[in-house]
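Asker: Encoded as structure tokens, here's the structure I'll be asking about.
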Amino acid sequence: MSTPVNDTPPQSAAGAGTPMVKAEAVHKSYGTVPVLKGIDLRVDPGQVVVLVGPSGSGKSTFLRCINHLEKINAGRLWVDGELVGYRQKGDRLYELKDREVAQKRRDIGMVFQHFNLFPHMTALENIVEAPVQVKGESKAAARERARALLDRVGLADKAGSYPSQLSGGQQQRVAIARALAMEPKLMLFDEPTSALDPELVGEVLDVMRGLAEEGMTMIVVTHEMGFAREVGDALVFMDGGVVVEAGHPREVLANPQHERTKLFLSKVL
Amino acid sequence: MAVAVLAAMLIHAIVTNPAIQWDVIRTYLFDSSITHGLVVTLELTALAMLIGVSGGTLLAIMRLSPNPVLSSTAWFYIWVFRGTPVLVQLLFWNFLGALWAKLSIGVPFGGYLGLSDGGAFWSQDTNKLIPLFVAALLGLGLNEAAYMAEIVRGGIQSVAVGQTEAAHALGMSQSATMRRIILPQAMRVIIPPTGNETISMLKTTSLVSAISLEELLRAGQNIYSRTFQTIPLLIVVSIWYLLMTSILTVVQYYIERHYARGANRVLPPTPLQRLRGLLGRRPKPANGESDVVPGLEGGGHL
């Protein structure tokens, strides 16, 4: 990117053509250890972008920056035309208050590697919690929608079960339903199948494939290359905190251009 | 067998010792000053624990706050109140009037600014403002808050970080996350030591007799200082303490069971269910949560 970052008005491209996610030279370090060294990325509405790379490449960290679970140290990150975690006045950035950050996270669903369901609540209560607490939805309405969501992920009969009574695959499907209950415009998946037994991976990928077909914008960190090839609109290969290569999944997987991509793919395919 | 013989000898020695004066115990067990003392003890326990638990939760949240002023204030409070004996603190609250005869609300440092009455809008005699009961309550409650703070902090820190992240990712605020997600899970870790603290508090209230507030022990002391029936009255007092701590133990058991939801796949049977199991009548599973009949052999452990 040669354009000076400050020249970009924050809400420049509102309306048609606003990217769902736009990253410009995003840097992030933990103390003195740099994790992201300038990530540029654009995700358009309705796109499914798959992030792959070796562990420690920064792909999960980048995903967590998008909903401000991690603060970026430099660069700019927009979701649906709005800066993530900051407000820009002139050429200065002001950090948003916790309340404002929470407000923006409503529209971004996230699914975690270890599900992170609330163990003291049933599947239904897990899904009802945020719409009632955050959006002030009525309990009756939220319950009705929660039942519909459970039905959609194939768990209509598990409404009253606690997470400890569910298999990993079932827990992850409840977690997806929980995120969808907030009616997000963007879904982030952080290695959603990595903690699952192999025979349970399929049921979660099926739900994700269904979401993609309905037009949900998704960013997925995964090692499931089959999913990337069939469902992904773009594949981004990251290593050492930078984007090494990006393109259509079938092309990148079949014909990787960079040595590091070739080396990585030879190990996972 | 040998134990049974020894126990029988001990019971015999107690029952037949005339110095115990069972008739005196019977007379005073429901004496009005004893039951009044009992009520004061229960009130002190309940209110001191209320101050302790709410103050402790506040201190724990402050202690874990990223704000250095909040966390160091909490640290200092806990350092002082855990580091000095509760009896000393009780005496302090009782004799606060000797330190500051009047407590006022007004212009800070108004006295130095030459204002009349030191700039006070409102002023009250310390001993009137802090009667005996309030001094006792402050002494016990504020001390307890320091201990509860550490218990609550341990509970909060036992909840996985992923829980906070999941709640934040759903757009929940800091306070909603604490209230709805973290604290309910921390309860499982917080409740057992809190039950112990409550039982311990019930007994610690007897220290208040040192500032002559007439709670259970003091009520007994007042009687035996007149009648010299020391041992019988100490037994009367002990019977009441023992009864109250036993009731609290049962209450604690059921509260712990309530907060075990979601942690155990099958809740362990209650003592009542066990008893029924022993008697051969197998109870129905509680509200359909389990298909396993909770009998004696059913996965529970105490």
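The values are calculated or read from the model by the stated rules, or taken from the named source; none is laboratory data. Just so it is clear, the model here is predicted, and its values are computed rather than measured. Using ideal geometry, Cβ is built from the backbone for each residue, glycine included, and neighbour counts are taken over all protein chains shown.
Asker: Give just the number: which of (1) exposed (fewer than 14 other Cβ atoms within 10 Å of the Cβ); (2) closer than 19 Å to B:ASN94 by Cβ; (3) polar (S, T, N, Q); (4) within 17 Å of the chain's Cα centre (by Cα) does B:SER246 not satisfy?
Answerer: (2)
Asker: For the range A:75-188, please list each of the helices (runs of 4 or more DSSP H) lying entirely inside it that holds at least 1 residues being touching an Asp or Glu at 6+ places or on another chain (Cβ under 6 Å) and in contact (Cβ under 8 Å) with a residue 12 or more places away in the chain.
Answerer: Here the list reads A:123-135, A:168-180.
Asker: Is there a residue in the range B:17-30 that is closer than 18 Å to B:GLY141 by Cα, β-branched (Val, Ile, Thr) and surrounded by fewer than 20 Cβ atoms within 10 Å (Cβ to Cβ)?
Answerer: no
Asker: Ok, one more. What do you reckon, is B:ARG226 in contact with a Pro (Cβ under 7 Å, 6 or more places away or on another chain) and more than 10 Å from every other protein chain (Cβ to nearest Cβ)?
Answerer: No: the conditions fail for B:ARG226.
Asker: Moving on. What is the one condition in (1) closer than 20 Å to A:GLU224 by Cα; (2) away from chain B (no Cβ under 14 Å); (3) surrounded by fewer than 20 Cβ atoms within 10 Å (Cβ to Cβ) that A:LEU196 does not satisfy?
Answerer: It is condition (3) that A:LEU196 fails.
Asker: Sticking with this one: Of the conditions (1) within 11 Å of chain B (Cβ to nearest Cβ); (2) modelled with pLDDT under 95; (3) surrounded by fewer than 20 Cβ atoms within 10 Å (Cβ to Cβ), A:SER161 fails just one. Which one is it?
Answerer: (2)
Asker: Could you tell me whether A:SER194 is more than 30 Å from B:HIS258 (Cα to Cα), in a loop (DSSP other than H, G, I, E, B) and of a type in the set (Gly, Ala, Ser)?
Answerer: yes
Asker: Now for a different question. Quick one: in the range A:72-117, which of the residues that are in contact with a helix residue (DSSP H, G or I) (Cβ under 7 Å, 6 or more places away or on another chain) and surrounded by fewer than 14 Cβ atoms within 10 Å (Cβ to Cβ) is nearest to the other protein chains (Cβ to nearest Cβ)?
Answerer: That would be A:ASP98.
Asker: Starting from residues that are over 24 Å from A:ILE66 (Cβ atoms) and of a type in the set (Gly, Ala, Ser), keep the ones in the range B:176-195 and report whichever is farthest from the other protein chains (Cβ to nearest Cβ).
Answerer: Taking the candidates together, the pick is B:GLY195.
Asker: Of all the residues that make up the range B:123-163, how many are under 29 Å from the mean Cα position of the chain (by Cα) and over 19 Å from B:TYR259 (Cα atoms)?
Answerer: Within the range B:123-163, residues that are under 29 Å from the mean Cα position of the chain (by Cα) and over 19 Å from B:TYR259 (Cα atoms) number 24.
Asker: Okay, next question. Kindly establish whether A:ASP44 is surrounded by fewer than 16 Cβ atoms within 10 Å (Cβ to Cβ) and modelled with pLDDT of 95 or more.
Answerer: So A:ASP44 passes the test.
Asker: Could I ask something else about it? Kindly provide the set of residues from the range B:155-164 that are part of a helix (DSSP H, G or I) and crowded, with 18+ Cβ neighbours inside 10 Å, ordered by number.
Answerer: B:GLY155, B:ILE156, B:GLN163, B:THR164
Asker: Now for a different question. Of all residues in the range B:199-213, which are crowded, with 19+ Cβ neighbours inside 10 Å and at pLDDT below 90?
Answerer: B:LEU213
Asker: Now, a different point. For the range B:126-167, how many residues meet the condition of being within 12 Å of another protein chain (Cβ to nearest Cβ) and touching a strand residue (DSSP E or B) at 6+ places or on another chain (Cβ under 9 Å)?
Answerer: Adding up the residues that qualify gives 2.
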